[in-house]
Amino acid sequence: MAHEPRRDRERSHGREERDSEFTDKLVHINRVAKVVKGGKRFGFAALVVVGDQKGRVGFGHGKAREVPEAIRKATEAAKRSLTRVALREGRTLHHDVLGRHGAGKVFLRAAPPGTGIIAGGPMRAVFETLGMQDIVAKSLGSSNPYNVVRATFDALKHQDSPRSVASRRNVKVSTLQARRREGADEVATAE
């Protein structure tokens, strides 16, 4: 009987190690009030972004009476909704992309090494947890954090890697990249 607590501790320690691979960022907390007979009852809604800084990222929304509980619920929801994003050289996007959700629009551009993350609040949290190092992003339209984060995820969902495009077209990746270099050479000579 004395050995059971140690096994439980070991099991929970393994779970903590697995969870520790993710970094989470609190993007927004919203306080709402319900007016009742005795006064006001406050509730809290939290928006959290979670990622492993290696190309996986997700976001979640949680509501509760207390802030820590809302953050915990949002973090769990974010871990359930993780998506993988193809990154070029593990640091930036493969191509420029536009994303939208409702009235929120975002424009994401690939950037050369050393640029850093040039993006506003909610988008910056997504890129930092994703592990992206160089990107230029602009938010257009709605500045609501929920819409901006969802529009950012919409843009990242439309991100294609050369490998996925090559498999879809039944050509080799090297053929695609050779065509890309030829197009860049033609543009350079035209200028």
Condition test on Lys54, is it in contact with a Phe, Trp or Tyr (Cβ under 8 Å, 6 or more places away or on another chain) and at negative phi? no
Residues of the stretch 131-163 classified as closer than 18 Å to Arg56 by Cα and not in a helix (DSSP H, G or I), total: 9
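No value in this document is a laboratory result; all are computed from the given coordinates. Given the structure is predicted, the values throughout are model-derived calculations rather than measurements. Counting neighbours? That spans all protein chains shown, and the Cβs are built from the backbone with ideal geometry, glycine included.
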